[in-house]
Amino acid sequence: MCRRVLLTGALAAVGCGGGGMTAVTGTVTCDGRPVTNGYVTLVPDGPGEGASGQIGPDGRFALSTFAPNDGVRPGRYRVRVASYESEARMDVPGSGRPALPEKYFDAAKSGLTVTVEGRRAQTLDLALTKD
């Protein structure tokens, strides 16, 4: 019985995108200080799934594609980082004061790219500037 449950769990992980995933963790800083909230998002350069992760109060994040902490598929990605000094509200357009320059909120304009390699955990440290 125990073997059947473990095998089913392993197959379910592969069936939901778990196969071939790479663990990607890292930190986000701006002008040398940790970014304390927000999200890091990887947008694929071609077809495929993106990945994202919430930035913690220490600037650390772990990326997920299908399920929490499942990792990222190997490939080349553009990077988007979004963080606010004050909370953005869904019912108030334009609310929330960005903590980062606007360019980082758009993967096409951020100037940040990353290549995720297969089956090897990677660390992605993003050192942003206000310039």
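The values are calculated or read from the model by the stated rules, or taken from the named source; none is laboratory data. Worth saying up front: this structure is predicted, and the values here are computed from it rather than measured. Ideal geometry is used to build each Cβ from the backbone, glycine not excepted, and the neighbour counts take in all protein chains shown.
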VAL79: passes all of (1) surrounded by 14 or more Cβ atoms within 10 Å (Cβ to Cβ); (2) over 23 Å from GLY20 (Cα atoms) but (2)
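Do you know which residues across the stretch 45-55 are surrounded by fewer than 20 Cβ atoms within 10 Å (Cβ to Cβ) and touching a residue at least 12 places away in the same chain (Cβ under 8 Å)? Lay out the reasoning, then the answer.
Here is the first cut: in the stretch 45-55, the ones surrounded by fewer than 20 Cβ atoms within 10 Å (Cβ to Cβ) are 45-50, 52, 54.
Correct list: ASP45, GLY46, GLY48, GLU49, GLY50, SER52, GLN54.
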Does GLY32 satisfy the criteria of being of a type outside the set (Ser, Thr, Tyr), loosely packed, with under 13 Cβ neighbours inside 10 Å and modelled with pLDDT of 95 or more? yes
